[in-house]
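Structure provided below as structure tokens; questions to follow.
The values are calculated or read from the model by the stated rules, or taken from the named source; none is laboratory data. What you see is a predicted model, and the numbers here were worked out from it, not measured in a lab. For neighbour counting, all protein chains shown are included, and Cβ atoms are generated from backbone atoms with ideal geometry for every residue, glycine included.
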Amino acid sequence: MQNESNEIKSKILEHYYANVYQLFLFGNGAQGKGIKYFEKQVERFWKNKSPKKILEIGGGSGEHLEYLESMPLESYTLLDIRPIVTHRHLD
């Protein structure tokens with residue numbers, strides 16, 4: 001019973017992050033425009049515009065990648081507790 005419950009929960013979360021989360025948070029509506037503005041502002045904050053390494057914690061599927069002003073010289077590490085649900089930002 002517990003295993004079946006975990007499987008259902010996993011499917012619901014997978015669907016949410018692959019469809020609802022991406023659509024509403026990064027869509028063309030007011031929320032999407034606000035997120036795009038925020039992501040651009042985060043990049044303007046950094047003093048070092050050419051970092052060697054970046055560690056992003058809670059990076060989802062890499063949604064912030066398209067806002068980087070420059071890719072790090074050595075590594076970009078993205079961590080999240082859930083698996084990547086879309087590769088749109090990684091291609």
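Search region 44-64 for residues being over 20 Å from VAL20 (Cα atoms), surrounded by 11 or more Cβ atoms within 10 Å (Cβ to Cβ) and at pLDDT 80 or above, and hand back the single one that is nearest to the chain's Cα centre (by Cα). Let's see the steps before the verdict.
Initially, region 44-64 is screened for residues over 20 Å from VAL20 (Cα atoms), giving 44-57.
Imposing the further condition that a residue be surrounded by 11 or more Cβ atoms within 10 Å (Cβ to Cβ) reduces the set to 46, 51, 54-56.
Still in the running and at pLDDT 80 or above: 51, 54-56.
Values: PRO51: 19, ILE54: 14, LEU55: 13, GLU56: 9 Å.
Only one residue tops the list, namely GLU56.
For region 67-84, which positions are out of contact with any Lys or Arg (no Cβ under 9 Å at 6 or more places or on another chain) and surrounded by 11 or more Cβ atoms within 10 Å (Cβ to Cβ)? Step through it out loud before you land on a result.
Of the residues in region 67-84, the ones out of contact with any Lys or Arg (no Cβ under 9 Å at 6 or more places or on another chain) are 68, 71, 78-84.
Matches in region 67-84: LEU68, MET71, LEU78, ASP80, ARG82, ILE84.
So GLU39 passes all but one of these: (1) over 16 Å from ARG82 (Cα atoms); (2) exposed (fewer than 12 other Cβ atoms within 10 Å of the Cβ); (3) among the charged types (D, E, K, R). Which condition number does it fail?
(2)
Go over the candidates HIS15, HIS87 one by one and state the one that is out of contact with any strand residue (DSSP E or B) (no Cβ under 8 Å at 6 or more places or on another chain) and modelled with pLDDT under 80.
Checking each option against the conditions leaves just HIS87.
Under 7 Å between Cβ atoms, which residue pairs at least 6 apart in sequence (or on different chains) link something in region 33-47 that is within 11 Å of LEU68 (Cα to Cα) and touching a residue at least 24 places away in the same chain (Cβ under 8 Å) with a partner that is among the aromatic types (Phe, Trp, Tyr) and surrounded by 12 or more Cβ atoms within 10 Å (Cβ to Cβ)?
Cβ pairs passing all conditions: GLU39/TYR67; LYS40/TYR67; GLU43/TYR67.
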